1. If you scan region B:61-120, which residues turn out to be part of a loop (DSSP other than H, G, I, E, B), in contact (Cβ under 8 Å) with a residue 40 or more places away in the chain and among the charged types (D, E, K, R)?
2. Restricting to region B:431-464, name every residue that is touching a Lys or Arg at 6+ places or on another chain (Cβ under 6 Å) and either at positive phi or charged (D, E, K, R) (or both).
3. Which residue is surrounded by the most Cβ atoms within 10 Å (Cβ to Cβ), if the candidates are limited to region A:102-158 and must be part of a helix (DSSP H, G or I) and of a type in the set (Ser, Thr, Tyr)?
4. Output the number of the condition that B:Leu740 fails; it satisfies all remaining conditions of (1) of a type in the set (A, V, I, L, M, F, W, C); (2) over 23 Å from B:Pro118 (Cβ atoms); (3) assigned to a helix (DSSP H, G or I); (4) not assigned by TED's automatic domain parsing to the domain that holds B:Leu644.
5. Considering each of B:Thr189, B:Thr172, B:Thr176 in turn, give the residue that is in contact with a Cys (Cβ under 6 Å, 6 or more places away or on another chain), assigned by TED's automatic domain parsing to the domain that holds B:Tyr254 and not hydrophobic (A, V, I, L, M, F, W, C).
6. Yes or no: B:Gly19 touching a Pro at 6+ places or on another chain (Cβ under 7 Å), more than 14 Å from chain A (Cβ to nearest Cβ) and surrounded by fewer than 20 Cβ atoms within 10 Å (Cβ to Cβ)?
7. Within region B:776-785, restricting attention to residues that are without any contact (Cβ under 8 Å) to a residue 40 or more places away in the chain and surrounded by 15 or more Cβ atoms within 10 Å (Cβ to Cβ), which residue is nearest to B:His709 (Cα to Cα)?
8. Evaluate the following for B:Ile258: is it assigned to a loop (DSSP other than H, G, I, E, B) and within 16 Å of B:Pro208 (Cβ to Cβ)?
Amino acid sequence: MIEIDQKEVLRYLGFRRGNGPDALLMSEIEKCERELQDAVLPKSIVRRFPLEQIDEKTLRFAGITIVSHSLSKNLANCSEVYLFGATLGVGPDRLISRAQVVKMSDAVIYQAASAAMIETWCDTVNEKIRKEVSAEGLFTRPRYSPGYGDCPLEVQRDLIRVLDAPKQIGLTLTDSLLMMPSKSVTAVIGVSDVPVICHPKGCESCAKTDCEYRR
Amino acid sequence: MRRDIPIGRKRLFFDGASGTMLQEMGLAAGEFPETWNLIHPERVASMHRAYLEAGCDIFNTNTFGANRLKYPDQLEEIVTSAVQIADRARKDADREDAFIALDIGPTGKLLEPMGDLPFERAVELFGEVVRIGSRAGADLVLIETMADSYEAKAAVLAAKENCSLPVFITLTFDETGKMLTGGTPESVTAMLEGLGVDALGVNCGMGPKQMIPIVKRFLTAASVPVIVNPNAGLPRSRNGHTYYDITPDEFAQYMQEITRLGAHAVGGCCGTTPEHIRREISLCRDLPFHEPVRKDRSVVTSFSKAVELGGKPAIIGERINPTGKKKFKEALKNNDIDYILTEGLRQEDAGADILDVNVGLPEICEPDLIDAVVKRLQSVTALPLQIDTSDPEAMERAMRHYNGKPMINSVNGKEESMRAVFPLVKKYGGVVVGLLLDENGIPETADGRIAVAKKLIRTAAEYGIEKKDLVFDALALTVSSDQQSAVVTLETLRRIRDELGMHSILGVSNISFGLPRRELINGTFFTMAMQSGLSCAIINPNNEAMMNAYRSFLVLSGLDQRCESYIRTYSGTKAPSSSASVLNNPAGGSGAAGGTGASNGTRTDVTSGGPVGTLRDCIERGMDKKAAEAARTALEGGQPPLDLVNGQLIPALDRVGQEFEKGTLFLPQLLMSAEAAKAAFEVVKQYMKDDGSEKKEPVILATVKGDIHDIGKNIVKVLLENYGYGVIDLGRDVPPEVILEAAKKNNVRLVGLSALMTTTVVNMEETIRLLKKEKPDTVTVVGGAVMNPEYAEQIGADFYAKDAMATVHVADTVFHHDS
């Protein structure tokens, strides 16, 4: 069971400035979350590869060459990377498409709650990686997904191929580079012998906006 | 040339992993293994030889990922060389008795409607590989590692349509016993046997130990031989390398257990080596062998649910049918599929097990429509469907694209009907309803009807269709014109069960046609029919009288354990005589609903127990059921419909809209209010004289080509409809030409486009350009995750809307409705 971060769900639903849902909406949110818990099939796959930094903007790992300043910054001082794929399966997509016919407000709630769930699921998988490398005296960098900064979205194709993600966890790409199931994440996680103290909730939650690792 | 493969007559052994072996020989992560057929044929051959020397009987070509998507230019060479390498290895190993399986894995894409690979395109992709591989000399087709039942169906159809070799298939499950898209051993077995596979089973995904419960389920469900090819345990990671955690000896021990359970062919998948296979063979070879046993189960399935006929009678919802329904006919003509879906889902909520789908109308193209409705229904409900049509073309389209094993309604004893329908059932699989009538009409006696049944059984057998896939409709004719008709029907039902040992179906409510208080006759007849053995009832599950009869019957015939379902449904409810007064209850009356401000209504809401406020209040608070009720109460109290709309409905919507824009009320609340307003308006419309004749400004909405997420567009649709616009919803992944055509055809001025990904904004731009060129008076408004005002301007859009309310304002501006 994936714990659902209620604050995140409300944030995704647009609640701001101390506003919260009334009892009616809250019970609807809880109902949707229960259904999601039954519908999700969380899966993940990670693989570890040596990293080559060719120049200040060019990286190579697992036979993939990527030109990206921002990813190069994120992976500074790293000698290895983990490639990372995680998904909640098609369950949330099914619930969302059904709700779009029956009750649009539920569709919006499923959308927000499953978005919060995939983040938590990624954090869980990420934490396992962190522990694994920490046992070796190494440190991880915040996970970095194709499409962030100047890292091309097309890298998605390579990550999915190298991870064999369709077969391993059912994560596929459409021709327009959308991931299906939609509640899925791919990422690169750097491994280094130099520590970087990061906000556990990721860059979006971190106050250090001038951080050179910020995605 | 087709070689006879003795599967099911003796134990056969498959080979083990190829990926694992090739990686050992230097295949890099992410490198496509099939390219080695061209660059390292000797290594691929040495792998085959190692497995043949270990003793396997069937070995797979190195073609798992070979399809036109991955190899746009080299597919022929790769597949042909794979078979040639296998053939040579077989000669070199002096194992000419072994069989070459043309190995086919998944495409790596998700099929429509969830993904973007059209079903027929998948059939084409697989078909190509099958043609090349069978031409090159493979002995059989092995489709494997399928984790989506729909893709499995596409692959099997492709194999059947493009070669005459035996077709085996193995599927992948997780520890919960489900495929990635929800399929279970029972549901896929029914579907795949219906499609005529020669053997089926399970591979990959887990080790032999975890597979045991799934193997048991397959052996219980399947009539054809069962294949089991597990991984060498569970994957572990060491120094960045994946390995599997059980030794050849442990693997062989488990495979011995699986063989004892009755598996007919075993081998290995990821992580297994020739050594695993050798040990497996040495432990399993001499165990006693049992041929597969035919299971006479009548099973109807969707992509994830299997409904077995017999035991508890199945409820088949009859509401997706235009007969006698004005609104439904309108919806069909306007291609308003959402309306049809809503009818389906309402029946599911009311307890239907299967949904009948009939969309036949003289003025529409039935094959197109039934195809679309079946696909859309399967994207919102997991209930199996009954394809109900008299048009063979429509029947074939729907059966071909159906994800599962459908019920087919219907064939009858006429020569012409049997000739049209039975070949389809044989090819695609299905449980077909046989109407007990023929060229001589409906027999008046049970004897006559049973005689037709026997003719149907005989003829079906000639086509290779088993009795389990026939269900007989005993035919209920109105008792008002023939007093004996119910007796004959019931007698026929009894004899279908007792003499033929088969299942029956009935459109129950026909019996009372022409009589007053039909529900009295229907409910009683339904009970009598079930008592006489009725297996499937085609009824309206929203009809309380019928469901009351059904639930009571289940209790009295011992089919509702501990009366649980009955108690859950009725506990705490009152008998109809007292609750029926809700509608006529004068309490509350116009006083409560006619008020303006806070909730001064104190009437008890029977449906959910709370007090009903004013309509305005209900809408603002987003309570749909109560809003409908408040509207009804007000209207029954004599309030003019337009007063209610202008005095309460619109002010409530306005206020909610303003609060949303101020940031004091949020999206789900905005939508809940919109839904409440819609529910209330449905009631108001019944009281308006010129229902539907008011002219609505049409607005087209579409998610552009390449984008398959449409939630944002649908939110906009809800709001626009609320504000009285006539939305023409073209759906998602819509090509520019289709949008232009719809705009021209309906003379639409405002077109709303949504895009989620930067990769699809080009298609949005293309759509705008096309519209401006071909229909210059069109105004475009764009939105979506990647849009902003600058971007919108850059691609030539007239308006950018940041959210659904903003789109409403754009529409008001364009049509000069702004206040």
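The values are calculated or read from the model by the stated rules, or taken from the named source; none is laboratory data. On a predicted model such as this, the values are computed, not experimentally measured, just so you know. Glycine also receives a Cβ, built like all others from the backbone with ideal geometry; neighbour counts cover every protein chain displayed.
1. B:Arg68, B:Arg95, B:Asp97, B:Lys109, B:Glu112, B:Asp116 - these are the residues of region B:61-120 that are part of a loop (DSSP other than H, G, I, E, B), in contact (Cβ under 8 Å) with a residue 40 or more places away in the chain and among the charged types (D, E, K, R).
2. Scanning region B:431-464 gives B:Asp438, B:Glu439, B:Gly464.
3. This residue is A:Ser114.
4. For B:Leu740, the failing item is (2).
5. It is B:Thr172.
6. So B:Gly19 fails the test.
7. Checked region B:776-785; the qualifying residue nearest to B:His709 (Cα to Cα) is B:Val782.
8. No: the conditions fail for B:Ile258.
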